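The values are calculated or read from the model by the stated rules, or taken from the named source; none is laboratory data. Here the structure is a predicted model, which is why all the values come from computation and not from measurement. Reconstructed Cβ throughout: ideal geometry from the backbone, glycine too, with neighbour counts over all protein chains shown. Side chains are part of the model used for accessible areas, which takes the heavy atoms of the whole protein and leaves out ligands, DNA and RNA. Shrake-Rupley method; radii C 1.70, N 1.55, O 1.52, S 1.80 Å.
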Amino acid sequence: MALLEVHNLVKAFGGLKANDDVSFTVDQGELLGLIGPNGAGKTTLFNCIAGMFPPTSGRIVFAGEDVTALGAPEMARRGLARTFQVYVAAGDLNVLENVMVGCFMHTRSQSKARALAEGILDDIGLRDLKLNLVSELPVAAQKRVTMATALATSPRLLLLDEVAAGLNPSEIEDIMAGIRHIHADLGITVMLIEHVMELVMNVSQRVIVLDYGKKIAEGPPRDVARNPVVIKAYLGERYVRERKVSSDGDRHEHHGRADS
Amino acid sequence: MEAIRNALDFSDFPRIDRMVALAVVLLLVTFPLFPHSAFAMATMIQFLMFSLYGMGWNTIGGYGGQVDLGKAQYVGIGAYTTTVCLLRWDIPFWVSMPLGACLSIGWSFIIGYPLFQLKGHYFAIATIATSLVLKDIFEVWKFVGAARGLGILPFKYQTPDFLRLIFKEDVYYYYTIFGLFIIGLLYMNWFRKSRLGFQLRSIKDNEEVARSLGINVHWAKIKTYAIATAFVSVVGSFHAVYVKNIEPEDTMSLDISILIALMAMLGGAGSLWGPIIGAGVLIPLKSYLKEWLGAAAGLVGIDLILYGLIIMIISAFEPRGLWGIVEKIRRRKRI
Ligand SMILES: Nc1ncnc2c1ncn2[C@@H]1O[C@H](COP(=O)(O)OP(=O)(O)O)[C@@H](O)[C@H]1O
Ligand SMILES: [Mg+2]
């Protein structure tokens, strides 16, 4: 059964079509990858689905209901959670309190929210950090906090936006294990954006590729990786990226714009 | 039940905080028993009043991060409601005070809806504008005495009058405002742990994230603005019977709005103790400055200079105020 259906979605910013006639479905229980070069429109697509802003045209159906016009809070209440690619936690909330905010979506009671949040933190392996401010944590832990906070709303569909960006290989292993756990053990449908293709290939059952706002390919990871159109879309990108990696010898840090 | 338990539960603060708080409360309870001047008593009452104003401001301004510079209009609504009710219909304080709060809340919904479409500096400036507009209306409104305001003549009442809250001795006012102070403090202790409190802190942190967590940001701000408003209005009503002479200028001027915000920001916006610390520092300072220098004409502006200085110091060094400094030191010790 399709949990999410996107029909002919267009999102234009002035003259620029960040999403151009994109259609796809996400099945209940699936782990779907969404890849594409930088600026392809992946984050914009998430923002449209999550109700952060209305699409220019097209239709979005979630759990059998047309949700195209709904705002972000309504989408959250219907069971859609998402993380943010760029999240600057400047506030004074500690890790536990951050997750509690998500829990408060379903309860008014502070003690219930707290108990729920503690459970999630144990599950995600953040128990020892619960009293730290999010801003004082390393990037990898911050990413896990944003995942835990999204999970706290008990979603049916979880949208993850580049949760592995900026992490080193062993941290990426950890976060991928976390995603598998959320998908397999908690039974949550997951849609995963990743800029680096290889990561998505490992965990996803199916992959969608965006380029310049258009869907250029869709299918099992292995087929998509061999698709000449996809290779072409990525080639220029990768060339640039590899040159950058070799020139500063650093881990691949990607340059995302602030999503807003 | 849980709400009451939460209001009375201060256990998440370190022991030292609770000891100091208890000592301060004991000091406040016993203060009138010690020999004191009328000036000291007046300053203490001002301190309690401004602590309450600051607590109210702290909900939307501190926890919610929405810098509200128009709180004085609600001092005015509370004060005028109580005074007009008493003078025209002899309605006692304990009826006119909640009535004033209801009027304030109603007005806050009307202007809150458009106000919170604005963000940051635009919001702050718009709050100033709304407050000044209301003040201008009161300055020409005959029914409420226009620019000359209204006066309550205390000798018309048999004092002490606990229903109308008309007293000759300040000590009665002191304990009344102290009672409200304790209620306000307990309410704030509940508020910071409530769902709305968490939602606001999330909004202050990042509105997009807050929205994605199911929070109706606009509505949460409007609701909180109404709570802040109710605090201010109640103290405004108290101000009316305590001072017994109200004018638009001394209830609704920009000075008062700024002083309310500044107090909370100096002490520590978004913390329980912040507004109390801020009032504890600023009110005596202001009173004594006025006492020593204010008589000399032309020097009255000195407190404005002082406010300006404090704003600059806070924004340059520690946006979270005096309490922010304490927390920073604690954090450093813990790590
Ligand atoms: N809020 C916005 N306003 C204007 N342009 C935007 C906005 N968000 C994204 N864009 C533009 O849309 C395009 C797609 O961006 P984005 O969805 O962030 O790509 P990706 O996540 O795939 O890297 C980019 O050209 C970007 O500059
Ligand atoms: Mg992106």
Not counting ligands, DNA or RNA, and with a 1.4 Å probe, what is B:TYR63's accessible surface area in Å² rounded to the nearest 10?
10 Å²
Can you run phi through the Karplus equation (6.51, -1.76, 1.60; θ = phi - 60°) for region B:145-150 and list ³J(HN,Hα) in whole Hz, with x for Gly and Pro?
x, 6, 5, 6, x, 10
Applying the gyration tensor rule to the Cα atoms of region A:87-154 (axes a ≥ b ≥ c; rounded if a/c under 1.5, else prolate if a/b exceeds b/c, else oblate), the class is prolate
In whole Hz, what ³J(HN,Hα) sequence does region B:249-265 give by Karplus (6.51, -1.76, 1.60; θ = phi - 60°), x for Gly and Pro?
5, 8, 10, 10, 6, 4, 3, 5, 4, 5, 4, 4, 5, 5, 3, 5, 5
Please sort B:51-58, A:135-142 by packing, taking for each peptide the average over its residues of neighbouring beta carbons within 10 angstrom, highest first.
B:51-58, A:135-142
For A:GLY166, other-chain or 5+-apart residues with amide H closer than 5 Å (H placed, Pro excluded) are A:HIS254
Estimated FRET transfer efficiency when R0 is 35 angstrom, pair B:LEU306-B:ASP17 (beta carbons, to 0.05):
0.80
Of the listed peptides B:231-241, A:115-125, what is their order by residue-averaged count of other C-beta atoms within 10 Å, with the highest listed first?
B:231-241, A:115-125
Take A:GLU173 and A:ASP27, extend 7 Å from each Cα along the Cα→Cβ direction, and tell me the distance between the two endpoints in nm.
3.2 nm
Separation of alpha-carbon centers, region B:101-143 and region A:155-170, rounded to whole Å:
44 Å
Give me the Kirkwood hydrodynamic radius of region B:31-82 in Å, from all C-alpha pairs, to one decimal place?
12.9 Å
Label point at A:ARG77 placed 7 Å out along Cα→Cβ; residues across region A:32-58 whose backbone nitrogen lies under 16 Å:
A:51-52
Using modelled backbone amide H atoms (1.01 Å from N, in-plane), which distant-in-sequence or interchain residues come within less than 5 Å of A:ASN19's amide H?
A:LYS11
When DSSP assigns beta bridges and you keep just the ones with both residues in the protein assembly as shown, what percent turn out antiparallel, to the nearest 5?
60 percent
Filtered hits (lysines, Cα-Cα < 24 Å from A:LYS17, offset >= 8 within chain) -> A:LYS42, A:LYS214, A:LYS215, A:LYS232
Based on the alpha-carbon gyration tensor of the protein assembly as shown, what equivalent-ellipsoid semi-axes (square roots of 5 times the eigenvalues) come out, in whole Å, largest first?
54, 25, 21
What's the average, rounded to a whole number, of partner chain beta-carbon atoms within 10 Å of each residue's beta-carbon in B:189-195?
3
Log entry, pair A-B: total buried accessible area, probe 1.4 Å, protein chains only, in Å² rounded to 100, is 2500 Å²
In order through region A:31-47: 3J(HN,Hα) via Karplus (6.51 cos²θ - 1.76 cosθ + 1.60), integer Hz, x for Gly, Pro
10, 9, x, 10, 10, x, x, 3, x, 6, x, 5, 5, 4, 4, 4, 4
Over chain B, what number does the Rg to Rh ratio reach, with both radii from the alpha-carbon atoms and Rh per Kirkwood?
0.96
Using a Cα-Cα cut-off of under 24 Å, which lysines could be cross-linked to B:LYS156, ignoring same-chain neighbours fewer than 8 residues away?
B:LYS142, B:LYS168, B:LYS244
Relative to a virtual label point 7 Å from the Cα of B:ILE110 in the Cα→beta-carbon direction, which members of region B:81-100 show backbone nitrogen distances below 16 Å?
B:81, B:100
From Cα pairs below 8 angstrom and at least 6 apart in sequence, can you work out the relative contact order of region A:87-154, rounded to a whole percent?
48 percent
222 nm mean residue ellipticity, helices alone, for the protein assembly as shown (DSSP H n ≥ 4; -39,500 (n - 2.57); rounded to 500):
-18500 deg cm²/dmol
For the cross-link pairs A:LYS143/B:LYS71; B:LYS119/B:LYS333; B:LYS204/B:LYS328; A:LYS130/B:LYS71; B:LYS221/B:LYS333, which exceed 31 Å when the distance is taken from alpha carbon to alpha carbon?
A:LYS143/B:LYS71; B:LYS119/B:LYS333; A:LYS130/B:LYS71; B:LYS221/B:LYS333
Of the accessible area of the protein assembly as shown, with the probe set at 1.4 angstrom, what percent is carbon plus sulfur?
63 percent
